[in-house]
Amino acid sequence: MGDRESGAKASQEVADSVSSYLKGISTDTINGVTHNFIRKANLKFKTQDVLACSKKIEDIVAVNGGYVSASELSSNKNYTQSTQINKDSLVEQTFYTTVNSISIRVPSQRLDTVLRLISDLALFIDYRNLHSNDVKMKLFSNQLAENRYKNFNSSLKQKTSSTKAKTNQVINAEENILSKQTAADEKRIESFELVDQVNYSTINIETYQAQAILKQVLAIPNTIEPYQISFTEKLGNSFLNGFQILKSFILFLVNSWGVILILVFLFILTRKLIVYLTKKVSTGI
């Protein structure tokens, strides 16, 4: 009787905990059967002005009880072109494309309305898709698992308290209780997350606009010329360089007197030999 009463009490506690996180869950009835759908939508479209469109989307979400979970607006610079228009200024043209990735959460009952309102802001829709996943059985499975863990813990605690066990046995029992309680908590948290996704649908939006041009008139900075010496200084330096070359040449001649002497001797000898041979040929001797 004690086990039955404790089991019934544990079951009631589990039922109360389950009802607490299932309270207010969004349901859909199809042919008399209730479903719990997680809905996710993806939308990509071209708009006239990404920044203005993003502000309108934020207003639509706020009016319908939702919130923006992420928004990443950026301008992608395609290329830059500069043209000089006069002596001291130029026109710089920056060609860029602005895009924005937005993630929003809206009540599931308002999903279709929000999608239609946002779609009206588009000049051209690249794609618009919607996915629904029924998690009714997953929630039911989590309830059963949580119930089992709770009943097991209740029974184990009673047996542990009523049995004169050794310290090691008590520790093992407590660790087992902690393990089962952790598993029950994980199932409950998973159910919380599923309920949140059922109640609030997620819409991922990507907006972009045509390539825009930003024109700016910029001043051309003054060019800093490197320092150069004057003509007079260059002439003086050239004279000094010539004098240095002359001195070097004289030193070269002095250092090479032996080679020059040999060359002079060979020149004289060669000349005498040529004269001798010329006379010999002319006389025929």
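Values quoted throughout were computed directly from the atomic coordinates according to the rules given, and no laboratory measurement underlies them. These figures come from a predicted structure and were not determined experimentally. Using ideal geometry, Cβ is built from the backbone for each residue, glycine included, and neighbour counts are taken over all protein chains shown.
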Problem set entry | Mean Cβ count within 10 Å, highest first, over the residues of peptides 66-73, 238-245 | 66-73, 238-245
Seminar exercise, completed: Protection proxy (average C-beta count within 10 Å per residue), highest first, orders 214-224, 91-101 as 91-101, 214-224
Exercise. For segment 36-150, which semi-axes, largest first and in whole Å, follow from the square roots of 5 times the eigenvalues of its Cα gyration tensor?
Worked result: 45, 16, 12
Exercise. Looking at this model, which pairs from Lys40/Lys138; Lys87/Lys215; Lys44/Lys138 are more than 21 angstrom apart at the alpha-carbon?
Worked result: Lys44/Lys138
Problem set entry | Backbone HN-Hα couplings from phi across segment 55-68 [Karplus 6.51/-1.76/1.60, Hz, Gly and Pro as x] | 5, 5, 4, 4, 5, 4, 5, 5, 5, 9, x, x, 8, 8
